Structure formats: C-alpha cells, structure tokens
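Taking it in order: structure first as structure tokens, then the write-up.
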Amino acid sequence: MKTYLKKAGAVLAALFLTASCDKELDKVKPQQSIDSDVALQTSSGVINTLFGAYSTIAYGVTATAGTLGTLFGTNYNVIGELFANSGDLNWSGSFAPYRDINNKNATATNGNAANDWAAAYNAINICNNVEASIDVVEPDVKDQILGEARFIRAITYFELIRFYAQPWTGGPGAANTQLGVPLVITPTTSGENLDVSRNTVSEVYAQIITDLTSAESLLNETMPDGRATKYAAAAFLSRIYLAQGDWQNAAATADRVITSAKYSLVPEIGQAFNNPANSVEDVFAIQQNAQSNAGTTNSGIVTFYASLPGIGRGDIDISDNHLLIYEAGDARKDLFYVGTGDKPGSLRSSKWVERFAIIPIVRLGEMYLTRAEANFRNGQSIGATPSDDVNFIRARSHLAPITINSIDQVLLERRRELAFEGDSYNLVKRTQQNVGGRPYNDPKLIYPIPQFELDANPNLVQNPGY
Amino acid sequence: MKRKITILLLLVIFFGSRAFGQVSSVSGKVTDARDGLPLPGVSIVVQEVPSAGVQSDGSGNYRINLPANARNLVFKYIGYQQKVIPVNSEVINVVMEEDTKQLSEVVVVGYGTQIRENLTGSIAKVNAKDIQDQPVQSFESAIQGKAAGVFVSSGSGKVGQGITVRVRGSSSVTAGNQPLYVIDGIPVTSASLGDDVNFDPSNPMADINPNDIESVEVLKDASASAIYGSRASNGVILITTRKGRQGKTEFNFSYFTGVSEPAVKRKFLNSAQYVELYNESAVNAGKYDFANDIQLFGFPFASEEEAIDTYVGYLEENFDAFSAGTDWRNLAVNTDWQDESFRSSASNSQYEISATGGNEKTRFFTSGSFSDQEGIYIKNAFTRISGRLNLDHSATDKLSLGVNLYLSKSVNDRVTDDNAFSTPGQMVALPPIQPVIDPSTGRLSTTGPYYNGLIEARDAFFKTTVYRNVSSAYASYKFLPYLNLRTEFGVDILNQAEDGYQGRETQGNPSGNGNYRSANSLNYTTNTFLNFVKDFGLRHNLEAIAGFSFQKQDLKTSQVVGEGFPSDDFKNLASASDITFGSSFGTDEALVSYFARANYRFNDRYLFALSARYDGSSKFGANNRYGFFPAASAGWILSKESFLSDSEWLSFLKVRLGYGFTGNSSILDHQSLALFGASTYPNLPGYVPTQVANPDLKWEKTGSFDAGLEFGLFNNRLTGDLSYYNKQTEDLLLNVNVPSTSGFATVLKNVGSLENTGLELTLSSQNLVGAFKWNTDFNISRNKNKIKDLGGQVILGTGRGPQRAIEGYPIGVFFTAKYAGVDSQNGDALYYLEDGTTTNDYNAAFRQVVGDANPEFSGGITNNFSFKNFDLNFFFQFVSGNDIYNGAGIYQSVNADFWDNQTSDQLGRWQNPGDITDIPQARFLMSNGTRTSSRWLSDGSYIRLKTSTIGYTIPGSKVKNLFSSARVYVSGYNLWTISDYANGDPEVNTTTISNIDNGVDFYTAPQPRTITFGVNLKF
C-alpha cells in the first residue's frame, strides 16, 4: 500500500509540474512589438509614432512593401513622370505595373495603384493617431508634433488626390464635385465600420488646406533634416494653390519660403542631388541611408533611373529629344549621362545615381518658378518680378537673362529646372496639356481605385476607364 | 468424500490437459526466411495463457516452460507474419516470414503502437524499403505517391528546398496547411527558418537522414490524430527511427552514385527564329501605331513607312546592343541560354554505414551517413553528414531507459528564388543573339535586356549551413504488468547560418555585397504518460494512456548585410566598409497539453476508441487560450464472426467509423494583440501600427468523419482499404481584408468555413508467389476541397498566377479573363465577355473561374518482381485533373511583345487574315494578348515513372567469407513522363509551399532525371 502511495505521489508531483507550465504561456511576449495602448500613452511614444509616418510615406508599409516603389520614396517621382510622359523618356523595364502606367493602359489591379493607396492611408492613420493622442505630448514640443502630423496627412492626401482623382479645374472657388478620395481623419481602433465613401475633390482640397495652414502656424522655422518645418508647409501650400489656379495665394506662400532666408540655391545645379544630407536648397526631402531606403535591388528611384556599373537597372531611358528643350550652355543639360551599367548606351538622368542619398521633394528653386508663374498669370510682382525670378534660376545654370513676356517661357524654364523630379504631372494637369494625344483629363492619366479596395469596401466607386 | 472428489477432479483436469501437449517445456531456434539468419527478440507466448511468454535470444534460441493447459505457441515479431504452432514436440524451430499482408503489422500511433487489425482510425504507413537509398534530400520526396490521401509535391527541381505535403486536402486558407512532424515522439521544427526575401523556403526535414527511418506513419483522420489536438488538422506525420535489434552485431554498408539531368526541357527560339519573329513584330507595331495613332514614342507619325522605320530602328538599335557588336543580322551568335542554366552533368553519391545489435539488456542502432547531391541548376547543391545512436536499455524487469541521439550538418548551396533576375531559371529570358562572352571585353556579356545569371553563378554564393540535433531520452517504469509510466524529454536544436556574397560585377552591388543571417531555434518537449494494457477475462481488452506534455520553441534570428569590400577576394563582413543592414529578431511560443486515449476491444472483433487532448497555446487570445479536441471511433472485424469465418475467399473484413475534432494553430505568434512595430527612418526611429487587437482569436477547428472498409481476399493475397472522409473546418483563421483606408490591409479573425471530402483506395496484391514473385501496391485518392464561407470576401493569392480563394470553389482557383483565341481577320487577341461573345478589349473581358490547381485524383502504383536473386520494381506516380498556370507566359510566350526570348510555340502566331491560331499577331510593345488570362493555363495531369530499380543479390555462397549478403542495383528516377503540360515539368510550384498559390510555373526548375548505381552489403 505504502509503495502505491509513493507512486501515486510521484505521478501527482509530475502533474503539478505541468500545471506550473501554464504560467509559461503568460511569459511568452512579443519581442519586436509593443502593445498599442502602451505606444500612445507617453509623449515619447506619440512622437515615435509620428516618426513612423515619415517612414511610411518614404518606403511604404513594411508588410506590403514588395517589388514596387511607394509614395515619396519613388512613385511620387516615377509614376508622375510616367503618367506625364510625352516622349521625354521610355520605360524599358520589365515591371508591368510601371510599363502599363507609361503606356496608359493600366488595369484596376495595377500594383502601384494598390501599393500607394495602402501606404498613403497607413500614414494617414498614423497621423490621425498622433493627432488624437496629442494631449499626452510634452507641452514644449506639442505644437511641432501636431503640426508635423497634419503636414504629413496633408501632403499624403495631396498625393492621393492628384493620382486617384481628376484634377482641380475652374480656378479657386470652383465647385469641384468630381469624386476625390475618402477623407479619414480619425484613428482606426477596431476592425469594424470601416466602409468609407469617396469625398469630392473640393472637400479633400479643403482638408489639405486646413491641415497645411494649421501646420504652417504650428511648426518651427527650422528642424533637423527630414522633419517638417513652417516653410515646408508653406511650400506645399504653394503647390496646392497653384493646382487650384489661386495665383495670389500661390505667389504669397512661395514668397514666404523664399523670404524666410532659411534656404539658398546651391551654387551649381548638380550639387542639389545625390547628397547624404539636405542641401541648403532643400525645403523638404526624404531621408535615406544604407539601412533605410526606398529600395536597392528590385525597386527604388535610383534602381529605375540609373545605369552605372552595379547601380540601377536602367528602366527609364531618357530620349535624346528631351535634350532639345535646353539652350546651349545650360548646366542642366549636363545632368545626363550615357548608361554604362544595365542596358548600357541609353541616356540617363544624373539626378538619381546614389542609392542611399536623400531624395529632394521641394527645392527652393521650385519656389522661385512658382512665384514667377503665379505672379505672371495674375499680373503681379509679389516679392519679385517674374523676369527676375526666372533669371535668378537661369543664372545659376550659366544662362543669360531673358525678358518674360509669355507664360510658356516660365513653364519651359520650370520643365528644365525640375525635369525628372516628378513635377511634370502637376504641370500637365494644371496647364491642361495633352499627353501623347490624350487630353489632360483622360481617364487613363490617373490611377484606378485599387481592385482589392473595391472588393473590401462596397461603398467605393471606380474611376471611369477602369 | 467431498475432498476426495475435489482432488480427483483436479487430477483429471491436470492430466487431462497434459494429454494434449505431453511436454512441459519447448525449445528451439527462430530464423529469418529472408537470409536464414537467427532472429533475436521474437516474442513467444502460449496462446492459451498470454502472460506466459519469453523472447528469443541473440542467437535466435528460446526455451519456454509450458503451463498445464498450453496447446499452441504464438511467435510474433514486428514486420513478420505471426505464426501459431501446436505444441507437439519438445523442439520447435520456426522460420519467420516477412509480413506482406499487413494485417498484423505494428503501426505507430500517437504515444504508442497498435496492431493494424485493431486500428479504428485511418493511418497510412510507408516502410523503410520505400525510403532508403534514394537520391532525394528528404523523406517526403520518397513517400510521394506511396500513401493514399497524402499529396506530396516538390515544387521544383532545386535541391534542399521546402516540399508541399497535404494530408486529405487543404484545411486552411490563411494558416499553415503543412502537417505536424513528430520524430520518435517529439514534435520537431519543420517550417523554413531561412531568408525568405529572395530565396525559396528551406526544408528542415532535409536535415534528417532518410536511411535512419524505420517507418513513416501518417495519421489522417481525427480518430488517429486528435491526440495531437490543436496541431492535427493537417494530419500528423510520425517518423520512427530504427531501433537496436538483439543479437550478433550486424553491419550494413550502402553506397550509391549517380548523375542527373533535367527531366524536361522547354523549347525556345534560336537566333534565326528570334530575329525573324521580332522584325515581323516591329513592322506590325509600326503599322498598328500609325493606323491607331497610338503615339507610343510620344509623337504622331507622318506615314506608315515612318512608323515602321521608327519601330524597326528601335529594334535594331537594341539588337545591336544585345548582340554586343556581333553580327546578329547574319546570326553570328546562337546561344542556348537554357543549356547555360543547367550543369552539364549533376552528380550525386551517398555513403551509409550502420550497425545494430545488443543483448537482452541493451540494444543499439548506430549509423553514419554522407550524402552529396548536385542540383541540375548551376551552383545548386546539397550535402549532409549525419550520425545516429539509438540505445535501449532494460535496467530491471520494470525499468527501461534509452536515448535517441541524432546530429547532422547539412550544407545547401542555393540559388535565388524563381522571382529573382539572378536565378539560373530566368536566363532563358535572354535573347539567343546575345553571346555568352562579350567579344569586346572577353568577359561574360552584360548587354542583354536582363541581368546575365552566369555572372551571379560565377561571382556570388549563398550557402545555408544547418547544424541539427534531434535527440530524446526516455525512462519507462512498469509499476504493474499492466501499468507503465513513460516520461521522455526531447530537444530539436536547429542552428542555421546563411552566408552569402555577391561580387562587384553582380547586379546592384558595385562594391560587393556580403550577407550573413543566422537562425537559432530551440524546440523542446516533455511527454509523460501512463500506459495501461489489460485483458479482462478472455474477451475484454483495454488499452489506455493518459498524460501531459509541454513544448516550447524559442527562435532568434539575426542578419547583417554589408557593402564596400576592397575586392571580391574578401567575402566576410569583417571586410565591409559599410554595414547597410543589421537586425535581430526573436519570438517564442509555448504549448501546454493534456491528453488521453482508451481502446477497448471485445472478443477481438468489436473495437472502440476514445481520445482527447486539451491544449493551451501562447498564440491565442486571452479569451480563447485553451481548446479541447475529442474523437471517438469504432470498428467491427466481421470476418471473425461465425457467419463469415468459414468463407473460402474472404479472409478479412473490417468496417470502421470515426468522428472527432482537431485544430490548426499554425499562424505567427502574438496575432491576437494590437501591436506597434518599429520603423527605421534615418535618424527618426519610430513606431508603426502593425495590427489591431482580436482577444477572441482561437484555433481553426476541423470536425472530421472517417468511414473505412478493410478487406483481405484469397487468404489475404489481395488486401485493401477503402476510405471515405468528410472534414469540415470552421472558424478559419482568416486574414480578413478590410478597407485599407483604415490604415490596415487585413485583420486576423476566425471567419468562415471550408470542407474536404474524399475517397481513398489502397490495394495490395501478391499476384504471383513462388520462385517468380510479383506483387502490386496501388493507391488512389480523390479529394474535393470547397470553400463554404469567407464572410463574403475574396482572398487573393500573392503569387505569379491569378489565384484566389472564393466561396463555393476549391481553394486557389484561377480567376481571370478567359482567353478566346485570336480574331482570324486581324490577329487581335480575344477574350470572352459574360454573355459568351468575344472582345479584343481586355478591360471589358469577364473575369471568371477558369481553372483549378487542385488535383482531382492522385496516387501511385508499384510493381515488384523477384526471381531467384533478381529484383525489379516500377513505381508510377500520377496526378490528374489539376491546372497549371505558366506565370512566365506573359514574358516568354507572348508573341514577341517584349525582348524576352520566346518559347518556340510562338512561331505559330497569326500572320495573315484567315489564319486560325491561338497565338495573336506579333505586335511589338502593343500588348496584344499580353494580359493575364487563361491563355497560359494548361491541364497539369501527369503520370510519371518515378522510380525503377533492378537489383541482383549475389548468392551467399560466393560472398560468404566477406559478407552475409550483398546486393547491387541500378535505379532510375523520373525516367519517363506523360503530361499535357507543354511548357516544362508538370510537377511545379514556384511558390514552393503556399495555400492559394499552387500549380504555377515561373521559370521553375524541372525535376531531375537521375540514374544511380548502388550496392548494399551486410556483414
């Protein structure tokens, strides 16, 4: 009997050991993540969350980042240039989602349309979280953080509205009731009630202007490289007003950036690109380094543009015709080279050859050309005359001054200055130019609403033509 | 008086029973019919008194004392036919014959073993002889087509990569569908721990030496697998390694060597065809651009001639570049890039030596093995060196203990996955006019439209080295003859290092790129359980187990990438001037389990079983951390009933029924929590929200019903098993798509259901017995998968085919525009509209289900012949009713729309009005028929002579002084294939292991055709 008891005791002891294993289940915690409540409970947590938004607008959502570029890290530029391409370049790469954009025959399942949409709203949700939790941020940085959140939300909405909706027409104040994108300005906390509808273009523009105006007043004048400032907000406002044909405000906002005296033109145009940190000319730029960048192997702005030994895949060939827009002696004409890496022999842009360099999004040069254009169109001279502004830019590229007596002169100068920086798309839309025989508002000159989004949300309406 | 009568009665009983046997003890020798060698360890019991039993000793000798009523002796040995011999002599020598009827074979089940005859669940068993000495990296390849209901697909001919295994279909849409692997009672790591960015999943099962395996049991239904609870919905694969055998130490040496080549090659254009087709394509493009004012070059053309000149000029300009200055107009170069991607001859060899022996107290099996296998692709290779010691010791009558120790090192020289420009498979995209060596530089050419994979092969390596230790120790104590306590502890340590370097001439790496990633996994398990076996009277038998288990897995990975190497002679990261990426990552999971099973047998013919497991997992939400998985089953051996026992032709008949629940928990850790992850923006490290909370998250639950009919005819010369199953899976762990305007793309929820129903037939027949032996094993299974509910959503695949999971259809159907061929008047590609008419406007085409990657039937048939010393077998494996989508078709079979070299079938393009063809007019860059559609979908059915072996056993007399037996053989693998899939190998899956994305070819490597020569020696 005694031995049986002993044996039974041993069995019970063993069972008890297992019971204590239950506690082992609770010990298992995530090692790379923190709970969302924890993340947004402290000032530093909210600030860190804001920094996550910078990462998302540059490189996309980590989970969905694949073989395609995203938002400001790549597509802001590349997709814009491909949509607006009237023969300045040729897409010779094999990636169909880009080739189809270039050929204006994309479908609703286009991977870039899907990627940019998801990344944009991911960033917007982060900004919404920051805005909703702003009260836990330390008072001394609260304004700056809120301003940055609204800044990122606004410029991301501008990316959405320019690529997924027909452009603003009819000048400021016109009722632009065409479908824009859904406005989501509160954070997502659960998986329920998420079926939003598309707002109108004018509603989205109004939100962008509200956010940027607020940001301009909240933000500091200077910040470390990469972070939004008062003048970055003003610079983007000038783009919004320009797109709306609000010449008065476009000139005024551009003028605020110029007269802030925080920025100056780099002496030679070539110095504006491929820098490891912001140049004196950069009003806002995407930061990159060797570890964090828009892509080095399959995708990324440099991968698409460059063809140097070991760098780039040479997917974007610059056509020889493009060089015809430059006058003799123009330093900007020298920003091209004949590729020596992949697909050698074709002309390439020198603006994008360093994989880990920062990516300028707004340069001071643009502000002069915006002020010149808005002033000329409105017959005004806020800050300076159009001729002076244009000639200031020309002089940097070793060109003689000219007298501006036609808007085409300003626009031509803008094409030369901002070639292959993603500005062409805005220019084409704003000036209602044809693209390869298609009118500026051709259905195939904007993205489709992604098919997966239509599948997930019955309230969304597809763009015509898809 | 009363007492006298009692004594008298006792005497009568005593002497009366003696009258049958007339002996008080029996002795003799047991030998093996195969080789005449003594057979130790054979269990000998008195049939009438099962508790009276002995075992044969190391020389096969035995002596048993007989109780009074002994009439028959029963001789039992695993894998041999049971013999019942009447006690009519004091010396009984017995020759044991291998069991081919399988009814009495021992089958390994969860936490124990059972006799097949008594099973009430569905279990497939594959024996050692089907697994050993094959030129494969892991045992799953060897069981392909051998077990009904177990679908195995290698996906590609690269060596050492993951293998798809589906047991009775796919039971999940988002969670894993691979089975649970258990080696000698210890669940092991089976999912890839490798770098999955540019590489296929690696296969941790390839670390296990197949030659060490004694048997593989696949637990298919809930009755068999519910004892593994929350991880059993995809089936459980039990691997049992070889155990020591009592007796004289026997050595076994095996060696084989062989060569491989691609089983199937594709046909591509040569230079003449390429130049002709592309010129035509450019001319047509010019005409088309002019006629339709396409302005692809950005400006309108003044005349058709100008348009043609522009296109042809553009083409020739590029051809001049591609051809690196060689005279392509006169076809100076004609490179076969496909041949360049394969080794001229891939060799393989394997050495194996093992020994087994021991005495009554201690028995051992030990082995050492070296396997060296080259893949058919350049640079692709796999080697494995392994050692094993399995030791069992009987300390006392009651206490036994033992260890299974296994150590291995495997090295896999890998090539990038099919998606990478650098993989050898994508070299076929290069034009044939491009020379391998650029004459102007004397170096490998870089002038083509794509990266030249030969540079990668020359200047880059990616080596995965795995050190694996899968070991366990056990102690077992017999408290009572019928009650045993066993406790075991097992570890699976997997240390994996991935070391890579890409030289400065490789794409995207101007200063070289070094990469080192390590993954360290510790997976440990304790099992403790009581085992009860007792006969109650002559008719009742009860076997039961109850126990608990704890398992924990800790995984840590780290990776460093660097650039800026002084030269390609320096390949370690110590020499990198810039570290461009560094990361470490950790995750762990724990599982606490309680389990029990009872098997009750009445009168040896009525069988009942109950089993259950209660699992607690760290993976699940606070509200649903524990799950309960019960199963019940019953069987009836009709052939033991009096109304059938006299049948001349029916030797065995059993029906079985079972129903039970199992779970699936193969999802990533911590998915129930709302989490923020880290972002790494330069100078601004931050947080990004990664998932929203779901505290209700729980297991997928599968209720499965199994009914089977097992039979043996004509003295069991024909045996078979016909099974039907119905598996209903609910609470699918589904990544539910949410509008991404929320900032999230998916939320993991328990939503939806699916079902798998199927039939399986296994037949085993001894067609000829005697000097010329012929037997046949055949199996065929049909699985029908249907997704019943996904909460109304569509789950898209992420692979290279247009696949998705849709309600009402099997998982992974192909959903896209249906190709309608070519307009014979103008050469336009056509697609079907919803009403069945056709259009040339792709965007208007009706998107619909056009195919299904799931096979309707699969199976295999083996024929074994032997005559005197010769043996011969043919094993055919087949798959039927599945579709294959060539994802590379949009590049390589697309009527010369872009630079990629085309498959030669594209020569059949439309050229003139009236041409009837499925291949549209070649129209360079005009996207004529280039869109994803059913154009590249083919029937993927195939039958393949998977293996064939002819062997010769050298007669014992000739080798007697050297060996106890010697056999030489020649084997062939993938010798012959019939398939409708015209574009390559039908056993293909570019994503390797996937739920939705199966049956897609994307520059995928064909299977190897291999011939080996081998020898087996025993001494």
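Details
- Difference of contour (0.36 nm per residue) and Cα-Cα distance, residue B:82 to residue B:798: 252.4 nm
- At 1.306 mPa s and 10 °C, Stokes D of chain A from Kirkwood alpha-carbon radius, µm² per second: 67
- Extension gain, residue A:248 to residue A:291: 0.36 nm times the residue separation minus the Cα-Cα distance gives 11.2 nm.
- Each distinct pair of alpha carbons in the stretch B:106-252 adds a 1/r term; the inverse of their mean, the Kirkwood radius, is 16.0 Å.
- Residue B:838 long-range amide H proximity, modeled H, under 5 Å: B:833
- Estimated FRET transfer efficiency (residue B:359, residue B:982; beta-carbon r; R0 56 Å; 0.05): 0.35
- Accessible area (Å², 1.4 Å probe, nearest 10) - residue B:557: 20
- 3J(HN,Hα) from dihedral phi, the stretch A:330-341, Karplus parametrisation 6.51/-1.76/1.60, rounded to Hz, x for glycine, proline: 5, 4, 6, 6, 8, 7, 9, 8, 8, x, 10, x
- Take each residue in A:454-461, count the other chain C-beta atoms within 10 Å of its C-beta, and the mean is 4.
- Loop-located GluC sites (Glu not before Pro) in the stretch A:199-291 (DSSP state other than H, G, I, E, B) with a sparse environment of at most 10 neighbouring Cβ atoms within 10 Å: A:221.
- Peptide A:185-194 is shielded by partner chain Cβ atoms: per residue, an average of 5 of them sit within 10 Å of its Cβ.
- Share of pairwise Cα-Cα distances greater than 64 Å in the protein assembly as shown is 21 percent (whole percent).
- Peptide B:556-564 has a mean of 1 when you count, residue by residue, the C-beta atoms of other protein chains within 10 Å of its C-beta.
- Spatial offset of the stretch A:148-223 relative to the stretch B:225-242 amounts to 54 Å, using the alpha carbon center of each.
- Nitroxide proxy distance, nm - points 7 Å out along Cα→Cβ at residue A:324 and residue B:713: 8.5
- Label separation (residue B:825 vs residue B:405): 8.2 nm, computed from points 7 Å beyond Cα along the C-beta direction.
- Proximal lysines relative to residue A:343, as straight alpha-carbon distance under 22 Å, when same-chain residues fewer than 8 apart are discounted: A:333, A:351
- Inter-label distance, nm, simple model (7 Å from Cα along the C-beta direction), residue B:524/residue B:24: 5.6
- Checking the Cα-Cα distances for B:220/B:701; B:220/B:749; B:220/B:619; A:29/B:552 against a 21 Å cut-off, the pairs over it are B:220/B:749; B:220/B:619.
- Taken as Cα centroids, the stretch B:698-757 and the stretch A:410-466 sit 47 Å apart, rounded to the nearest whole angstrom.
- The residues of the stretch B:658-690 listed by number as losing at least 40 Å² of accessible area in the complex, against the isolated chain and with a 1.4 Å probe, are B:670, B:674, B:675, B:676, B:680, B:681, B:682, B:684, B:687, B:688, B:689.
- Exposure rule at most 10 other beta-carbon atoms within 10 Å, DSSP loop GluC sites (Glu not before Pro): chain B longest free segment: B:1-647
- Accessible area (Å², per residue) of the protein assembly as shown, counting only protein heavy atoms and a probe of 1.4 Å: 37
- Here chain B has 56 percent of its accessible surface on carbon and sulfur atoms, given a 1.4 Å probe and all protein chains in place.
- Taken across both chains, chains A and B shield about 7100 Å² of accessible surface from a 1.4 Å probe.
- For the pair residue A:136 and residue B:759, a Förster radius of 56 Å applied to the C-beta separation gives a FRET efficiency near 0.35, rounded to the nearest 0.05.
- In this structure, the amide hydrogen of residue B:929, modeled 1.01 Å from its nitrogen in the peptide plane, lies closer than 5 angstrom to those of B:829, counting only residues at least 5 positions away or on a different chain.
- Paramagnetic reach from residue B:970 in the stretch B:347-377 [backbone N under 20 Å; point 7 Å along Cα→Cβ]: B:347-350
- With R₀ fixed at 45 Å, the C-beta to C-beta distance from residue A:377 to residue A:337 puts the FRET efficiency at about 0.80.
- Scoring A:349-355, B:533-539, B:600-606, B:228-234 by mean Cβ neighbours within 10 Å over their residues and listing the highest first yields B:228-234, A:349-355, B:600-606, B:533-539.
- Note on chain B: antiparallel DSSP beta bridges, both residues inside, total approximately 95 percent of the bridges counted.
- Karplus-derived HN-Hα couplings along the stretch A:266-273 (A = 6.51, B = -1.76, C = 1.60, θ = phi - 60°), whole Hz, x at Gly and Pro: 5, x, 10, 3, x, 6, 7, 10
- For the stretch B:818-834, 3J(HN,Hα) per residue [Karplus equation, 6.51 cos²θ - 1.76 cosθ + 1.60, θ = phi - 60°, Hz, x = Gly/Pro]: 9, 6, 10, x, 10, 5, 5, 8, 10, x, 6, 6, 10, 10, 7, 8, 4
- Annotation: peptides B:236-243, A:459-466, A:251-258, ranked by per-residue average of other Cβ atoms within 10 Å with the highest first, follow the order A:251-258, B:236-243, A:459-466.
- Radius ratio Rg over Rh of the stretch B:209-322, counting only Cα atoms, Kirkwood formula for Rh: 1.51
- Mean-position separation - Cα centroids, the stretch B:362-384 and the stretch B:840-915, in angstrom: 32
The values are calculated or read from the model by the stated rules, or taken from the named source; none is laboratory data. All values derive from a computational prediction rather than experimental measurement. Counting neighbours? That spans all protein chains shown, and the Cβs are built from the backbone with ideal geometry, glycine included. For accessibility, only protein heavy atoms count, side chains too; no ligands or nucleic acids. Shrake-Rupley method; radii C 1.70, N 1.55, O 1.52, S 1.80 Å.
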